[in-house]
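Colleague: The structure under discussion is supplied below as structure tokens; questions concerning it will follow.
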Amino acid sequence: MTDTAAPPLAFDPLDPVALTQALVRCPSVTPEEGGALDLLARVLGAHGYRVERPIFTEADTPPVENLYARIGTQAPVFVIAGHSDVVPVGDAASWTRDPFGGEIVDGALFGRGACDMKGGLAAMIAGALRYRRDNPDAPGSIAFLVTGDEEGPAVNGTVKLLDWAHRRGERFDHCLLGEPTNPATMSDMIKIGRRGSLTGELLVKGKQGHVGYPHLADNPIRGMVRLLAALDATPLDSGTAYFDPSNLEVTTVDVGNAASNVVPAQARAVFNIRFNDIWTPETLAAELERRLREAAGNTVRYELICRATNAVAFLTEPGPFVAMVADAVEAETGTRPVLSTTGGTSDARFIKSYCPVVEYGVVGQTMHQIDERVAVADLIALQRITERLLGRYFTEAG
């Protein structure tokens, strides 16, 4: 439980800009908590939330602290999810502003995590606090799932926090994940699903030898070229109603050969596939193996290793909840956002197993970059969108 007797905060947590600044000033580079969860626990605890801070561990990964908070005891339960951890700042000398300063210049708030995703998290918290302040007797419950492991291995974060909550009897009805989904403006995009991600390692075996005596060697590079061409020759699919076609990209080809007169013994390639909901990791691996086997025939010796993945494709079917989020965005921005499944992976891939989830947040143009920043106006817009969404959600629930 949170100690609500702590000294009062030096800022107004109902102000999304001030709360973002306070969070940015916490150096919570994965897996360090950096004071970010302490801050959120104080804010939420002071406003009536029951706050818990489970720490999860696993071999060969750092322990990670997480936060779960809830106000209310009845259904429906609306979950707001996000992460407090950030990526490293990189070359701090290249920043024009302190990466952990939260400085506002020309209408933009600078700092690591400003848009990914401390700004989004702060704006949603401010919106939720404002909603409960103005509607103390509203039906249902609001819960927060905040991890410190989204930018890292994603092993001791949301996936375990969800399981922990479920085993304690917590049940969720809908979730809004505050990732920075918008490409350019706050009216651009809502994510209603994500592609899966599968990484494969292809090893082609040959026989080392002198290039002047090719009959005594077996060059694996020829086989590698043939197999990679077979993987890429035919599209995996043509996409679906809400997903682009699955895409395979070769990310490295290596032979480790420093000598120009030696045929190498083996060649290695790594590729990644971002796949849509036509595939599962298992069916995709089987298709890759089929293509390789057919191309290799009896002449190319190879081994395919598909690495384990927890990133599967999923879709939150458009319906009343998705429309409700889009309505709130349109009401505040004047433009209806498109529904998208583009981009990389997110913790929504874990949440979707517990309740329908959509993603909406601030503009993400500078995430992970030097001088990461978020527009102050966008923080205020997201606070208002969140407040509006909660009002309609619990009005219809009641």
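The values are calculated or read from the model by the stated rules, or taken from the named source; none is laboratory data. Bear in mind the structure is a predicted one, so any value in this text is a computation, not a measurement. Cβ atoms come from the backbone with ideal geometry, glycine included; neighbour counts cover every protein chain shown.
Colleague: Looking for whichever is modelled with pLDDT under 95 and either outside the structural domain of Gly344 (by TED's automatic domain parsing) or exposed (fewer than 14 other Cβ atoms within 10 Å of the Cβ) (or both) here; the options are Asn257, Asn219. Which one fits? Spell out the reasoning first.
Modeller: Working: Asn219 fails: modelled with pLDDT under 95.
Asn257 is the lone residue from the list that is modelled with pLDDT under 95 and either outside the structural domain of Gly344 (by TED's automatic domain parsing) or exposed (fewer than 14 other Cβ atoms within 10 Å of the Cβ) (or both).
Colleague: Can you list residue pairs whose Cβ atoms sit under 6 Å apart, with the first residue in segment 153-173 being touching a residue at least 24 places away in the same chain (Cβ under 8 Å) and farther than 18 Å from Ser346 by Cβ and the second being surrounded by fewer than 21 Cβ atoms within 10 Å (Cβ to Cβ) and not basic (Lys, Arg)? Count only pairs 6 or more apart in sequence or on different chains.
Modeller: So the pair list comes out as Trp164/Pro54; Asp173/Pro76; Asp173/Val77; Asp173/Cys355.
Colleague: Among the candidates Val263, Val325, which residue alone is closer than 30 Å to Gly391 by Cβ and of a type outside the set (D, E, K, R)?
Modeller: Of Val263, Val325, the one residue that is closer than 30 Å to Gly391 by Cβ and of a type outside the set (D, E, K, R) is Val325.
Colleague: List the strands (runs of 3 or more DSSP E) that sit entirely inside segment 129-228 and contain at least 1 residues that are over 21 Å from the mean Cα position of the chain (by Cα). Write out each step before concluding.
Modeller: Numbers: elements: 141-147, 174-177, 189-191, 196-205.
The strands (runs of 3 or more DSSP E) meeting that bar are 141-147, 196-205.
Colleague: Determine whether segment 215-223 contains at least one residue that is farther than 30 Å from Gly193 by Cα, in contact with an Asp or Glu (Cβ under 8 Å, 6 or more places away or on another chain) and among the basic types (Lys, Arg).
Modeller: Within segment 215-223, not a single residue is farther than 30 Å from Gly193 by Cα, in contact with an Asp or Glu (Cβ under 8 Å, 6 or more places away or on another chain) and among the basic types (Lys, Arg).
Colleague: A follow-up question, please. Restrict the check to segment 22-39 and report whether at least one residue is among the charged types (D, E, K, R), assigned to a loop (DSSP other than H, G, I, E, B) and more than 18 Å from Val146 (Cβ to Cβ).
Modeller: Within segment 22-39, not a single residue is among the charged types (D, E, K, R), assigned to a loop (DSSP other than H, G, I, E, B) and more than 18 Å from Val146 (Cβ to Cβ).
Colleague: Here's something else I'd like to know. So which residues in segment 74-121 are in a helix (DSSP H, G or I) and closer than 30 Å to Ala165 by Cα, if there are any at all? Can you show your working first?
Modeller: Applying the first criterion (in a helix (DSSP H, G or I)) to segment 74-121 yields 92-94, 114-121.
Ala114, Cys115, Asp116, Met117, Lys118, Gly119, Gly120, Leu121, listed by residue number.
Colleague: Sticking with this structure for a sec: If you take the residues of segment 370-398 that are outside any helix (DSSP H, G or I) and either in contact with a strand residue (DSSP E or B) (Cβ under 6 Å, 6 or more places away or on another chain) or at pLDDT 95 or above (or both), which of them is surrounded by the most Cβ atoms within 10 Å (Cβ to Cβ)?
Modeller: The extreme case among them is Val374.
Colleague: Here is a further query. Residues to consider are Asp38, Asp98, Asp15, Asp106; find the one that is surrounded by fewer than 15 Cβ atoms within 10 Å (Cβ to Cβ), more than 21 Å from the chain's Cα centre (by Cα) and at pLDDT 95 or above.
Modeller: Answer to the selection: Asp106.
Colleague: Could you say which residue among Thr73, Thr20, Thr57 is crowded, with 22+ Cβ neighbours inside 10 Å and among the polar types (S, T, N, Q)?
Modeller: Working: Thr73 fails: crowded, with 22+ Cβ neighbours inside 10 Å; Thr57 fails: crowded, with 22+ Cβ neighbours inside 10 Å.
Unique residue meeting the criteria: Thr20.
Colleague: I'd like to verify a number: residues in segment 331-381 that are more than 30 Å from Thr96 (Cα to Cα) and aliphatic (A, V, I, L, M), how many?
Modeller: 7
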